[in-house]
Amino acid sequence: MLRCMPLRLPLLLLLVAGVSAPAFGQPASQWASVPGPAQGPARSIGNTSLGCIQGAEALPPEGPGWQAVRLSRNRNWGHPALVAAVRDLARRAQQAGLPDLWIGDLGQPRGGPLPWGHASHQSGLDADIWLDLSPKPRVPAKARETIPERSLVLPDESAADPDLFTKAHARLIRMAAELPGIDRVLVNHGIKRSLCAAHAGEPWLRHVRPWRGHDSHMHIRLRCPADSPECRDIPPPPHGDGCDAGLDWWLSPEARNPPRRAPSGPPPRLPAAGSLLRHPFRPLSRFSPRRGRHPPPVAFHPAPRAPHRTGCPQRRGWDSRPARVPRRP
């Protein structure tokens, strides 16, 4: 199980939220409404499904080997290590002769829970890389808002579609799995099954983990950076290539039709994270690096500490077989 962070973490969550008083249960819509990052050194806080980030960096809309999609969501932010990893993957893909990569969601400017689409992507260490390897011209950012996704998996999810999934896709996934600092690469279990058929025993497959969805993109996640002592990793992938009986579970009736379960209590909350809306902001363009301006300073007010308590809920890490009702990462 993931080790819970001590209650001193609320101090950092206050810093990132930019508030003056502790409050519990901040709506995801408030995290999404903040246009820019919290000032200060880059620091991922908490875990990928209950966390936030200070000093996030924006991935540019396009660059050598990539074009970011759906920029209107304002989810192209992450820890500088994540932005560097995306750039590195695009560079490697370009050198291998692959077309530009579509880059999907990273995270919000200050991380935190997203109103829709993801349960994770909260601490600045997750990115979605589309598996569309068709030739691409440079497309205006506005036109990249409505690009459709195409599944690469057979309808029964038993494997990747052999007419669509190529050696180039496998090569790209391997590049991602071999990035420095990578924790795991999530793909649909059908894609994992096809990778096992062609590459069983290869060490990089340990980092390629099966999950629901992810039939048109892969989800890369980095381990906690050294500059983020308050960051909490989930348990590492099990040893081995993951091409074992655990992969067969995804085709079982239990996996295909997970039972609904009633909420067992209040939803997990970011400790002492108050209202983001009370923090004054200049328009994002006014603190653009090109203008030499920076975000306004963030208030830092210690929160009271309570002994014998923890500041976050425990969560199960991802493995070959998830909890009975896995959430979308």
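Throughout, read-outs are computed from the coordinates displayed, never taken from laboratory work. Note that the structure is a prediction, hence the values are computed from the model and not measured.
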What are the residues whose amide H is under 5 Å from the amide H of Asn47, where those residues sit 5 or more places off or on another chain and H is modelled from the backbone?
Arg232
C-alpha center-to-center spacing [segment 227-244, segment 66-89] in angstrom:
22
Give the cross-link partners of Lys192 among the lysines, using a straight C-alpha distance below 18 Å as the criterion and excluding same-chain residues fewer than 8 apart.
Lys167
Karplus ³J(HN,Hα) for segment 124-134 (6.51 cos²θ - 1.76 cosθ + 1.60, θ = phi - 60°; Hz, whole; x = Gly/Pro) runs x, 10, 10, 8, 9, 10, 5, 9, 8, 10, 6
Under Karplus coefficients 6.51, -1.76 and 1.60, residue-wise ³J(HN,Hα) of segment 253-258 in Hz, glycine/proline x
x, 4, 6, 6, 10, x
